[in-house]
């Protein structure tokens, strides 16, 4: 490989962990029930994003990644509200720290966490003082690829279905306003790309486009 074709990584990639980190390599391997859904042709929410972790709240099972919680629905995995009592190892990106008296809370969207021994637990919103509105950066961005609408947040893409909102693999050609918080800069033959969770973006006049990097073609 000559000097022009070397890839240079400028900073370490930060990968969030959580209660139970499942090792994923290559194509995501889902639970047996999810594989059964795929075999009968059900595509709605058939997969979970890379780096997800399983969370138990009582007898209920959830999956979480980057502050988004999922649960098994009738035909796959759907996005659900964060369950009270769920414990995660690390906070999602773009969280906000809030002090109420002597207590500290961490807010991500409309979800509040407090620190515990094993990480951070989902709690009810504090009522001691009015809370400021969520930051615009925490909202989902609408992204269109052809006639298909996607919702984008912190490096993850979702679609709306009759069962609810579900995660989907990053669609090629999608253009986002912002990069994920943990995106790293990668240079290849004098061109800069940005990588997060093995999804690559290239800056364009309209924003950051999801692309297949040339060294993978």
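Computed from the coordinates by the stated procedures, all read-outs in this text should not be read as laboratory data. Fair warning: this is a prediction, and the values are worked out from it, not measured in the lab. Here the Cβ positions follow ideal geometry from the backbone for every residue, glycine too, while neighbour counts run over all protein chains shown.
Listed by Cβ neighbour count within 10 Å, with the fewest neighbours leading, 158, 194 appear as 194, 158. With neighbour counts taken as other beta-carbon atoms within 10 Å, the residues 98, 88 rank, fewest first, as 98, 88. Take the Cβ atoms of residue 59 and residue 148, set R0 to 45 Å, and the FRET efficiency comes out at 0.75. Once the Cβ-Cβ distance of residue 140 and residue 187 is raised to the sixth power relative to R0 = 22 Å, the FRET efficiency obtained is 0.15.
In this rough spin-label picture, where each label sits 7 Å from Cα along the Cβ direction, the residue 163-residue 84 distance is 2.8 nm. In terms of other Cβ atoms within 10 Å, 199, 80 run from fewest to most in the order 80, 199.
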